[in-house]
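First the structure, in the form of structure tokens, and then the observations on it.
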Amino acid sequence: MFINNLLNKKTRILLFLFTILNSSLSYAEEANQIIDKGEIVIQEIQDGAVILLFHSFGDDNQPDINISTEQLDNLINYIKNNNFNVIPLAQAVEIIQNGGKLPNKSVVITIDDAFKSVYTVAYPKFKQAGFPFTLFVLSGKVNDNNSAYLNWNEIIEMASNGVDIQAHTVNHSHMTKKEIKENHNEIDSNINDIIKNTNIKPIYFAYPYGEANQEIIEMVKSKNIVAGFSQHSGVYNNTSDQYYIPRFPINEKWGTLERLKLILNTKPFKIKSITPNTPYIKDNNPPNISVVVDDSIDDMSQLNCFRSDTGKVSLEKSDKSFQMVFTTPFKTGRTRINCTIPNKDGTYKWLGLMFTNDK
């Protein structure tokens, strides 16, 4: 009976991981001693951060990118009551890129597009909770004074109160479908809009829809951008592609407290390399995906990968690498793959991938 219950529990967890694909931290052994009220408290430190991605708040008209106010309140309460550390994006990037260690249970909050509900719903709640966040601004809608979006005065007010303002293009186009000249203009104009209206020079960039190819990534690097962000799941760590950083997307369907608990407690799935090294499918479809894992991963016997449109992926494993075996091509648009390894404490190491196919 015990074995059956255990197997059923594992089956439910695996099925749950698969169901969240359509949306999308090993702890260091070191410890940081801090003095608190005269007592020495041992505080774990870690080498990864869970980055959450939001768009809209309390807007029932767009459930695919919206989170309800109730869900937002549940998230804030869970974070506050369970010893998570919500840190600025800049702190996470600087520490990880320089090989440092983050506070235990580090969480970063990011918001894309600049919908009006950021100011009316999210900003006051995050401010009251003391949670810093980054806003990737879609400047075209702001320039047009679209009532569904923020205006520059609201953005300036939030920035003056500590909100981090970063770049997200002018028009939110599918960049992999555009000519390189158009993409240059999208980014340059967006950065210039932000500088002109806020006197802030962005150093981070979020790809619209999370879509990119190697040419776009190299172009982003050329703009003095120090980190680029996508929309695939996974824990940000020092083995992540620093110009295609994972973020966990949150919306009404995938913003349940059960899922939030799962992702907030996720650990880094560290790797040495992945082939192909581009998130874009040009010729080989399906791609031949192989991953060499970091030395910190010593047991891949329970490794599982799931593809967003077809389910569990067949794997060919060796001691420190694995290859995914696909029998059907990737669909047009975005395909996500999530790979997980369970930890002894019930959490998961999580590696997320996303591929864009325009054909």
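Here, each number is a calculation from the coordinates, and none is a lab measurement. As the structure is a prediction and not an experimental result, all values here were calculated from the model. Methodologically, a virtual Cβ is constructed for each residue, glycine included, from the backbone with ideal geometry; neighbour enumeration extends over all protein chains shown.
Identify, among Ile165, Ile217, Ile67, the residue whose Cα sits farthest towards the positive end of the charge dipole of the chain, taking +1 on the Cβ of Lys and Arg and -1 on the Cβ of Asp and Glu, with the dipole about the Cα centre.
Farthest towards the positive pole: Ile67.
Treat each spin label as a single point 7 Å out from the Cα along the C-beta direction, and report the Val292 to Leu257 distance in nm.
4.5
With a/c under 1.5 counting as rounded, go ahead and sort the stretch 269-359 into rounded, prolate or oblate using the C-alpha gyration tensor (a ≥ b ≥ c being the square roots of the eigenvalues; past the cut-off, prolate if a/b is larger than b/c, else oblate).
Values: a/c = 2.07, a/b = 1.74, b/c = 1.19.
Judged from the Cα gyration tensor, the stretch 269-359 comes out prolate (a/c at least 1.5, a/b above b/c).
Treat every Asp and Glu Cβ in the chain as -1 and every Lys and Arg Cβ as +1, leave all other atoms uncharged, and give the resulting dipole magnitude about the Cα centre to the nearest 20 debye.
Computed charge dipole of the chain: roughly 680 debye.
Suppose each label sits 7 Å from its Cα in the direction of the beta carbon; what would the Glu157-Lys317 distance come out to in nanometres?
Those two pseudo-labels are separated by 5.4 nm.
With the crude spin-label approximation of a point 7 Å out along Cα→Cβ, what separation in nm comes out for Asp358 versus Glu70?
Here the answer is 4.2 nm between the modelled labels.
Which of rounded, prolate, oblate describes the chain, given a ≥ b ≥ c as roots of the alpha-carbon gyration tensor eigenvalues and a/c under 1.5 marking rounded, otherwise prolate only if a/b is larger than b/c?
Oblate, since a/c reaches 1.5 and b/c is not below a/b.
Can you give the FRET efficiency for Asn77 and Glu218, using 1/(1 + (r/R0)^6), R0 = 51 Å, r = Cβ-Cβ distance, to the nearest 0.05?
Working from the Cβ atoms, E equals 0.75.
Assign unit charges at the C-beta atoms only (+1 for Lys and Arg, -1 for Asp and Glu), then state the dipole size of the stretch 205-302 relative to its Cα centre in Debye, rounded to the nearest 20.
Numbers: 10 positive and 11 negative charges, 60 e Å.
It works out to roughly 280 debye.
Counting alpha carbon pairs within less than 8 Å and at least 6 residues apart, what relative contact order, in whole percent, applies to the stretch 269-359?
Values: 168 pairs, mean separation 27.6, N = 91.
Reported relative contact order: 30 percent.
Roughly how large, in nm² to one decimal, is the mean projection of the convex hull of the alpha-carbon atoms in the stretch 86-209?
Projected area, direction-averaged: 8.4 nm².
Let me know the charge dipole size of the stretch 269-359 about its Cα centre in debye, to the nearest 20, where only the beta-carbon of Lys, Arg (+1) and Asp, Glu (-1) is charged.
320
Determine the alpha carbon to alpha carbon distance for each of Lys201/Lys261; Lys270/Lys320; Lys221/Lys267; Lys221/Lys282 and list only those over 23 Å.
Lys201/Lys261; Lys221/Lys267
Can you figure out the FRET efficiency of Asn85 with Lys201, using R₀ = 25 Å and their beta-carbon distance, to the nearest 0.05?
Details: r = 27 Å, r/R0 = 1.09.
So, using R0 = 25 Å, E works out to roughly 0.40.
May I ask which of Lys101/Lys272; Lys178/Lys317; Lys101/Lys253; Lys127/Lys253; Lys125/Lys177 have a Cα-Cα span longer than 29 Å here? Please report the intermediate quantities before stating the final value.
Details: Lys101/Lys272 19 Å; Lys178/Lys317 38 Å; Lys101/Lys253 33 Å; Lys127/Lys253 25 Å; Lys125/Lys177 37 Å.
Long pairs (Cα-Cα over 29 Å): Lys178/Lys317; Lys101/Lys253; Lys125/Lys177.
Sorting Glu70, Glu179 on the 10 Å Cβ count, fewest up front, what's the list?
Sorted ascending by nearby Cβ count, the order is Glu179, Glu70.
Taking the number of other C-beta atoms within 10 Å as the exposure measure, put Leu257, Leu264 in order starting with the fewest. Before the final figure, lay out the partial values.
Working: Leu257 13, Leu264 19.
Placing the least packed residue first, the sequence is Leu257, Leu264.
When the chain is fully extended, how far beyond the present Cα-Cα distance does Asp283 get from Ser189, taking 0.36 nm per residue of separation? Display every interim value, and only then the final one.
Details: separation 94, 0.36 × 94 = 33.84 nm, distance 3.17 nm.
Length difference between fully extended and current span is 30.7 nm.
Per residue Cα convex hull volume for the stretch 223-314, in cubic angstrom?
Roughly 154 Å³ of hull volume per residue.
If you take the beta carbon distance between Lys181 and Asp345 as r and set R0 to 45 Å, what does 1/(1 + (r/R0)^6) give as a FRET efficiency, to the nearest 0.05?
After rounding to 0.05, the efficiency reads 0.35.
With just the Cα atoms defining each centre, how far is the stretch 225-253 from the stretch 259-322? Give it in Å.
After rounding, the separation between the Cα centres reads 15 Å.
Cut-off under 20 Å on the C-alpha distance; same-chain residues fewer than 8 positions from Lys344 excluded. Which aspartates and glutamates are left, in chain and number order?
Counting by Cα, and skipping residues close in sequence, Lys344 has these aspartates and glutamates nearby: Glu29, Glu30, Glu44, Asp47, Glu258, Asp294, Asp295, Asp298, Asp299, Asp319.
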